Amino acid sequence: MATGRTHRPATRSRGIPEATVARLPLYLRALTALSERSVPTVSSEELAAAAGVNSAKLRKDFSYLGSYGTRGVGYDVEYLVYQISRELGLTQDWPVVIVGIGNLGAALANYGGFASRGFRVAALIDADPAMAGKPVAGIPVQHTDELEKIIKDNGVSIGVIATPAGAAQQVCDRLVAAGVTSILNFAPTVLSVPDGVDVRKVDLSIELQILAFHEQRKAGEETAAGDGARPAATPREESADQGPDGDVPAVMPA
């Protein structure tokens, strides 16, 4: 059994806000790009621009990590990569199972970013007997009858649900009962989980609807401006519910 199953992120014990945690992967992505270009140091302004946040917010976020940079020099890129990776738990290998190997599940299985970010796709699982044994992204699909054994054998603590909405809760219940404590849900439904289980929901239709709202608002402002009226300014306020872009969560909470 992998030790990762009982490991809890250090961020909770250190009291790092969820909004800060949500931005850490953005900083890590920007820092990794700098590291690949052999850039040794970066200023808070440069890194904030690359991550899409303001520099004051970035400095506040890094203060929770105990990183304050050096005046006139900035932040050490390699050290920040290590520090954020450690804080996110990416210095160990996290086995992941994907349940539901339709178009979306297959696309996730083929995503090449898992391995480079500390995750390993341990198994692909689907309820269709005809899928059993078929390779997707070089991994043979296994039937849901084997779900509990797969999780136990691989020490899986993170599950990805990419099933139709009607099957998602049952799959979630089985994952949790088998020992999974973190779930990434792509199914268009809200999952019910017990305390101690974390769920992140990715709902593309909701994200598109939010974009439609902003498009409609921009169109209204342009019309008002064309009529000679001055569009009202929209205040931006800090919120614990804000996502990395400062507006709405990039991943909608369950």
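The values are calculated or read from the model by the stated rules, or taken from the named source; none is laboratory data. Keep in mind that this is a model prediction, so the values were computed, not measured. Positions of Cβ are generated from backbone atoms using ideal geometry, with glycine treated the same way; all protein chains shown enter the neighbour counts.
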- Message: A107 - would you say it is outside the structural domain of E36 (by TED's automatic domain parsing) and assigned to a strand (DSSP E or B)?
- Response: no
- Message: Only one of L47, L34, L58 is crowded, with 20+ Cβ neighbours inside 10 Å, outside any loop (DSSP other than H, G, I, E, B), more than 19 Å from the chain's Cα centre (by Cα) and without any contact (Cβ under 8 Å) to a residue 40 or more places away in the chain. Can you tell me which?
- Response: L47
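Part of a loop (DSSP other than H, G, I, E, B) and surrounded by fewer than 19 Cβ atoms within 10 Å (Cβ to Cβ) - does that describe any residue in the range 139-154?
no
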- Task: Can you tell me which residue among A132, A168, A178, A109 is within 29 Å of Y27 (Cβ to Cβ), among the hydrophobic types (A, V, I, L, M, F, W, C) and either surrounded by 13 or more Cβ atoms within 10 Å (Cβ to Cβ) or modelled with pLDDT under 95 (or both)?
- Result: A109
- Checked against (1) of a type outside the set (A, V, I, L, M); (2) under 23 Å from the mean Cα position of the chain (by Cα); (3) at pLDDT 75 or above; (4) more than 30 Å from K149 (Cα to Cα), D247 satisfies every condition except (3)
- Among (1) touching a residue at least 12 places away in the same chain (Cβ under 8 Å); (2) closer than 21 Å to A167 by Cα, where does A130 come up short? (1)
- Message: Among the residues of the range 160-198, what is the count of those that are in a strand (DSSP E or B) and touching a residue at least 60 places away in the same chain (Cβ under 8 Å)?
- Response: 3
- Taking the range 141-154 as the region of interest, how many residues are touching a helix residue (DSSP H, G or I) at 6+ places or on another chain (Cβ under 6 Å) and in contact (Cβ under 8 Å) with a residue 40 or more places away in the chain? 3
- Query: Taking the condition more than 17 Å from the chain's Cα centre (by Cα) and surrounded by fewer than 21 Cβ atoms within 10 Å (Cβ to Cβ), does D76 pass?
  - Reply: yes
- Close pairs from the range 63-83: first at negative phi, partner surrounded by 18 or more Cβ atoms within 10 Å (Cβ to Cβ) and of a type in the set (S, T, Y), Cβ under 6 Å, at least 6 apart: Y64/T20
- Note on the structure: Note on the range 85-104: residues surrounded by fewer than 17 Cβ atoms within 10 Å (Cβ to Cβ) and assigned to a loop (DSSP other than H, G, I, E, B) are G89, T91, Q92, D93, G102
